[in-house]
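The values are calculated or read from the model by the stated rules, or taken from the named source; none is laboratory data. Values in this document were obtained by computation on a predicted structure and should not be read as measured data. Cβ coordinates were reconstructed from backbone atoms using ideal geometry, including for glycine residues, and neighbour counts include every protein chain displayed.
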């Protein structure tokens, strides 16, 4: 079988491997699905938390467990996160907020990767969700929404 050429195009053609998911319980009692994102320059342990919370409560939960809402630093990492989230829900909170000078991650890591859905951000809110539903290319996108919506969320450790 011929191999794809090396380089940036290869990353776009080769789907991210689906992460292994382990069901567990957080110390505070919530049901969590633990997985790892493994991508160049973007490796982390994550929890998809089954509880429905608004964005501020979700960030507080992650901080209470020594993390933050997920920051995403690569297309491959985003696609791995989508593969897990799409098994359970269409939208999850992540840690991207609109600040006075632009968007920032709650964990203060650099904003070095974004994948907004077409026409986004629209200014509906300062918080951002990952739309884990898949388009024909199997990708996930960011959507801005009001922070008070209740939904599942992803913590990064």
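Listing for the model above:
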quantity	calculated
Residues of the stretch 87-124 satisfying the condition of being out of contact with any helix residue (DSSP H, G or I) (no Cβ under 8 Å at 6 or more places or on another chain), closer than 18 Å to residue 60 by Cβ and assigned to a loop (DSSP other than H, G, I, E, B)	107, 108
Any hit, the stretch 101-108, residues being under 22 Å from residue 41 (Cα atoms), under 16 Å from the mean Cα position of the chain (by Cα), loosely packed, with under 15 Cβ neighbours inside 10 Å and modelled with pLDDT of 95 or more	yes
Out of 84, 129, sole residue that is within 23 Å of residue 21 (Cβ to Cβ), under 12 Å from the mean Cα position of the chain (by Cα) and either without any contact (Cβ under 8 Å) to a residue 12 or more places away in the chain or in a strand (DSSP E or B) (or both)	129
Hits in the stretch 48-62 (condition: surrounded by fewer than 20 Cβ atoms within 10 Å (Cβ to Cβ) and either farther than 23 Å from residue 150 by Cβ or in contact with a strand residue (DSSP E or B) (Cβ under 8 Å, 6 or more places away or on another chain) (or both))	50, 51, 52, 53
Test for residue 97: is it over 12 Å from the mean Cα position of the chain (by Cα) and over 12 Å from residue 156 (Cβ atoms)	yes
Count of the stretch 87-100 residues which are in contact with a strand residue (DSSP E or B) (Cβ under 8 Å, 6 or more places away or on another chain) and either surrounded by 15 or more Cβ atoms within 10 Å (Cβ to Cβ) or without any contact (Cβ under 8 Å) to a residue 24 or more places away in the chain (or both)	9
Candidate set: the stretch 27-42, residues that are part of a loop (DSSP other than H, G, I, E, B) and in contact with a helix residue (DSSP H, G or I) (Cβ under 8 Å, 6 or more places away or on another chain); chosen: the one surrounded by the most Cβ atoms within 10 Å (Cβ to Cβ)	30
Checking residue 45 against (1) buried (at least 16 other Cβ atoms within 10 Å of the Cβ); (2) within 13 Å of the chain's Cα centre (by Cα); (3) at pLDDT 90 or above, the condition it does not meet	(1)
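Yes/no per residue for (1) in a loop (DSSP other than H, G, I, E, B); (2) under 24 Å from residue 61 (Cβ atoms); (3) modelled with pLDDT under 95:
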{"residue": "135", "(1), (2), (3)": "yes, no, yes"}
{"residue": "139", "(1), (2), (3)": "yes, no, yes"}
{"residue": "147", "(1), (2), (3)": "yes, yes, no"}
{"residue": "154", "(1), (2), (3)": "no, yes, no"}
